[in-house]
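The structure appears right after this line, and notes come after that.
The values are calculated or read from the model by the stated rules, or taken from the named source; none is laboratory data. Fair warning: this is a prediction, and the values are worked out from it, not measured in the lab. We place every Cβ from the backbone using ideal geometry, glycine too, and count neighbours over all the protein chains shown.
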Amino acid sequence: MKTKLISSTLLAAGLLLAAASSLHAQATRTWVSGTGDDANPCSRTAPCKTFASALSKTAAGGEINCIDNGGFGAVTITKSITIDGTPTLAAVLASGSNGIVINAGPNDVVTLRGLDINGLDLPGNTQPLGLSGIRFLTGKELHVENCTVYGFSVCGIDFEPQAAGSLLFVNNCTVRDNPAGGILVKGNLNGSPVASNASLEKVRLERNSFGLRVEDSGKVTVHDSVATGNASNGVLVFTASIAAEANLDNCVLTNNGTNGAKSQNPTSTVRLSNCTITDNNTGLSSAGGAIISFGNNRIAGNAPGGDGAPTQTVSEQ
């Protein structure tokens with residue numbers, strides 16, 4: 001009996017030590033450095049080398065910071081976290097893979113701030129291109145702030161939540177030079193649409209295949225943003241069956257190769273207020289969809305396809 005009691009006591013003590021060790025390993029704030037080492041605890045004085053290693057040593061709801069410039073690697077995020085690269089050059093280089101994947105829990109909030117996410121679509125590059133710069137699968141909210149995303153073969157930001165209720169917020173970012181497209185917003189649960197909502201503020205969409213594309217069940221609000229130099233559409237709302245919409249306020253759509261804004265198929269809607277649409281091949285294209293103007297836009301100088309026209313003009317309220 002005495003031997004069993006001692007064994008039980010030792011076992012309990014061991015479990016307590018293991019739990020304490022686990023808690024100690026999960027810091028609320030961790031650090032990475034260009035000269036760091038992933039064998040380190042990711043503390044300020046002993047930083048890690050990669051975001052992936054720092055993530056494993058950061059408690060849910062915690063924050064990963066950068067001490068100095070560096071390339072910190074691709075990462076898959078599975079919990080609430082903030083990755084903050086400011087004020088350094090915090091780079092994610094992705095060759096043949098996604099840059100950052102969010103596959104988190106239904107109540108998790110992820111913030112990406114001050115990151116340079118590079119898919120390696122550069123002159124003379126011999127490596128395979130990155131797939132998507134940021135790919136969202138599951139989570140409650142994704143905040144992308146003060147980031148640059150470029151050079152990806154699938155999409156700059158691919159927001160296709162696999163459960164209803166997910167939200168995307170993109171603020172003060174540039175998404176450019178992505179051969180397949182800039183930002184895609186689409187609900188997708190095993191091929192069936194789910195609600196997918198996004199807000200874009202002060203976003204530049206430059207020299208992508210398309211600037212912004214909104215598909216079935218997507219609802220996007222865009223304010224004070226620019227879509228320019230994209231090979232096809234600056235903004236496209238395209239639906240197969242479920243309604244989708246893009247609401248643009250104080251935006252500029254210019255020098256896009258096909259259309260400034262296009263609404264395709266009957267359940268697609270583009271709404272425009274205080275927007276300038278000029279120097280595109282065609283200004284507005286309503287290919288079966290609705291383009292609703294509040295009567296305060298500036299649409300001129302689009303050629304050779306012409307300026308196009310909204311399908312409906314409504315008064316401001």
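Comparison of SER166, SER232, SER199, SER209 shows that the only residue that is of a type in the set (Ser, Thr, Tyr), touching a Lys or Arg at 6+ places or on another chain (Cβ under 8 Å) and modelled with pLDDT of 90 or more is SER166.
Of all residues being surrounded by fewer than 24 Cβ atoms within 10 Å (Cβ to Cβ) and among the small types (Gly, Ala, Ser) in the stretch 242-284, which is nearest to THR228 (Cα to Cα)? Just the residue, please. Among those residues, the one meeting the criterion is GLY257. Restricting attention to the stretch 133-177, the residues that are assigned to a strand (DSSP E or B), crowded, with 21+ Cβ neighbours inside 10 Å and either in contact (Cβ under 8 Å) with a residue 40 or more places away in the chain or not aliphatic (A, V, I, L, M) (or both) add up to 12.
The residues listed here are THR88, THR111; of these, the one that is polar (S, T, N, Q) and under 17 Å from LEU168 (Cα atoms) is THR111. Does at least one position in the stretch 284-294 carry a residue that is under 15 Å from LEU205 (Cα atoms) and either in a strand (DSSP E or B) or without any contact (Cβ under 8 Å) to a residue 60 or more places away in the chain (or both)? No, the stretch 284-294 has no match at all.
For residues that are surrounded by 23 or more Cβ atoms within 10 Å (Cβ to Cβ) and in a strand (DSSP E or B), tally how many sit in the stretch 117-132. Residues meeting the conditions: 3.
Selection of the stretch 208-235 for residues being more than 17 Å from the chain's Cα centre (by Cα) and charged (D, E, K, R) yields ASP216, ASP224.
Within the stretch 28-50, the set of residues being under 13 Å from ASN65 (Cα atoms) and among the β-branched types (Val, Ile, Thr) comprises THR28, THR30, VAL32, THR45, THR50. Has the stretch 39-52 got any residue that is in contact (Cβ under 8 Å) with a residue 12 or more places away in the chain, surrounded by 16 or more Cβ atoms within 10 Å (Cβ to Cβ), in contact with a helix residue (DSSP H, G or I) (Cβ under 6 Å, 6 or more places away or on another chain) and not polar (S, T, N, Q)? Within the stretch 39-52, one or more residues are in contact (Cβ under 8 Å) with a residue 12 or more places away in the chain, surrounded by 16 or more Cβ atoms within 10 Å (Cβ to Cβ), in contact with a helix residue (DSSP H, G or I) (Cβ under 6 Å, 6 or more places away or on another chain) and not polar (S, T, N, Q). If I ask for residues that are closer than 25 Å to PRO128 by Cα and either part of a loop (DSSP other than H, G, I, E, B) or touching a Leu at 6+ places or on another chain (Cβ under 7 Å) (or both), which ones from the stretch 102-113 would you list? Listed by number, the residues that qualify are ILE102, ASN103. Within the set THR45, THR78, the sole residue that is at pLDDT 95 or above, of a type in the set (Ser, Thr, Tyr) and within 30 Å of GLY165 (Cβ to Cβ) turns out to be THR78.
A quick yes/no check of all residues on (1) closer than 15 Å to VAL92 by Cβ; (2) under 27 Å from the mean Cα position of the chain (by Cα):
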site	(1), (2)
THR28	no, yes
THR35	no, no
PRO41	no, no
ALA46	no, no
THR50	yes, yes
ALA54	yes, yes
THR58	no, yes
GLU63	no, yes
ASN69	yes, yes
